[in-house]
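The values are calculated or read from the model by the stated rules, or taken from the named source; none is laboratory data. The structure presented is a predicted model; accordingly, all values stated were derived computationally and were not measured. Ideal geometry is used to build each Cβ from the backbone, glycine not excepted, and the neighbour counts take in all protein chains shown. For the accessible areas, the whole protein counts, side chains as well, though only heavy atoms, and no ligand, DNA or RNA atoms are used. Shrake-Rupley method; radii C 1.70, N 1.55, O 1.52, S 1.80 Å.
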Amino acid sequence: AQKVTQAQTEISVVEKEDVTLDCVYETRDTTYYLFWYKQPPSGELVFLIRRNSFDEQNEISGRYSWNFQKSTSSFNFTITASQVVDSAVYFCALFNAGKSTFGDGTTLTVKP
Amino acid sequence: KAGVTQTPRYLIKTRGQQVTLSCSPISGHRSVSWYQQTPGQGLQFLFEYFSETQRNKGNFPGRFSGRQFSNSRSEMNVSTLELGDSALYLCASSLEQGARSETQYFGPGTRLLVL
């Protein structure tokens with residue numbers, strides 16, 4: 001069975017602080033895909049990044065960066081210099097062979 | 001390119017009724033997946049359609065059903081509504097292979113309240 005754990009239920013930071021959202025996954029498959037989505041109060045999930053299991057390269061996109069480590073089954077997400085607009089629920093997800101498993105989400109609040 | 005659209009956005013029903021939700025995928029996307037999101041259970045996969053065929057199904061009772069039309073638009077139906085069916089129902093579309101590997105793009109959701 002697949003499982004995605006986002007241990008941090010809620011995180012609160014002050015604007016301009018860096019924040020890391022943790023994601024740990026479990027799967028017996030060797031081929032799988034990991035995703036991060038952002039869900040603002042409006043409800044729509046916004047795609048942030050997709051990474052396949054064979055690509056452990058870290059990625060940076062503006063203030064966002066992702067650290068994928070197969071050895072620890074983790075796919076962590078860091079926001080640098082956070083902004084109020086980053087306030088949302090962030091979901092980590094594991095997709096493979098027709099199965100999709102989402103974590104419970106981390107609610108990030110960025111205070112001015 | 002227009003995103004995934006879902007109608008209606010809000011819906012109030014009473015127990016025992018049935019409801020049909022609609023989803024129009026991004027143009028060119030052939031796979032549509034449905035999810036239920038509740039505070040207690042989180043995001044749970046309902047089913048996925050590709051080329052008018054249900055390809056994958058989550059662990060939901062038979063009261064939940066869906067279909068996909070030749071233009072890739074999809075509907076899901078919930079019969080004999082229960083209070084616990086109150087949720088945000090999200091539709092996602094992807095280019096071809098659905099949940100296998102392609103990125104799923106989500107619609108704004110339909111908020112269903114069952115009284």
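Numbers for the structure displayed
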quantity	calculated
Candidate lysines for bridging to A:LYS111, where Cα separation is under 25 Å - those fewer than 8 sequence places away on the same chain excluded	A:LYS16, A:LYS38
Fluctuation leader among A:THR101, A:THR80, A:THR72 - chain A, Gaussian network, Cα springs under 10 angstrom	A:THR72
Among the listed pairs A:LYS70/B:LYS57; B:LYS13/B:LYS57; A:LYS3/A:LYS70, those beyond 19 Å (Cα-Cα)	A:LYS70/B:LYS57; B:LYS13/B:LYS57
Cα point-scatterer Debye curve for the protein assembly as shown, base-10 log of I(q)/I(0) at q = 0.15, 0.19 Å⁻¹	-1.00, -1.44
Amide H within-cut-off set for B:ARG55, under 5 Å, with H built and near neighbours excluded	B:GLU48, B:TYR49, B:PHE50
Karplus (6.51, -1.76, 1.60) ³J(HN,Hα), θ = phi - 60°, over region A:69-78, in Hz, Gly and Pro reported as x	10, 5, 4, 10, 6, 10, 9, 8, 10, 10
Radius of gyration and Dmax over the Cα atoms of region B:32-115, both given in Å	12.5, 38
Shielding by other protein chains, A:34-45, mean Cβ within 10 Å	4
Rounded percent of accessible protein surface that carbon and sulfur make up, chain B, 1.4 Å probe	48
Calculated from backbone phi, Karplus (6.51, -1.76, 1.60) coupling profile of region B:9-19 in Hz, x at Gly/Pro	7, 9, 8, 10, 10, 10, 3, x, 6, 10, 9
Within 10 Å of each Cβ in B:38-48, the average number of Cβ atoms from other chains	3
Stokes-Einstein D (µm²/s) once Rh is taken as the Kirkwood radius of chain A over alpha-carbon pairs, at 10 °C in 1.306 mPa s	112
Anchor A:LYS99: aspartates and glutamates whose Cα lies under 17 Å away (excluding residues fewer than 8 positions away in-chain)	A:GLU26, A:ASP29, B:GLU48, B:GLU96, B:GLU102
Relative pair counts by distance (%), Cα atoms of region A:1-67, 10 Å bins	15, 47, 33, 6
